[in-house]
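See structure below.
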Amino acid sequence: MEDSDAVAPSTIAVHRGDWTNLPPEVAELVAPPVTVSAIPFERPIGNWRRGQQARSRGNMPVGKHDRAAR
């Protein structure tokens, strides 16, 4: 059984395993092993959007703005 859920900027997956080293009678009495993993969720960026971001980065100031004294 595998469940996945995307939460904000990450994906959380729950993997339910089977007991392989226990006799079936004992395995029925214990919960199955569970593995939880979280990885960053990233959407692929298209060429048009990548170009748009590059153009906007050229227009943005890098340092702090010095305000003129009043």
Simple spin-label estimate for Val36/Thr20, 7 Å along Cα→Cβ, in nm, reads 2.4
Sorting Trp48, Val30, Val14 by the position of each Cα along the dipole of region 2-59 (Lys, Arg +1; Asp, Glu -1; all at Cβ), the one nearest the positive end of that ordering is Trp48
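Each value in this text was obtained by applying a stated rule to the coordinates, not by laboratory testing. This one's a predicted model, so the numbers in the text were calculated from it and none came from an experiment. Ideal geometry is used to build each Cβ from the backbone, glycine not excepted, and the neighbour counts take in all protein chains shown.
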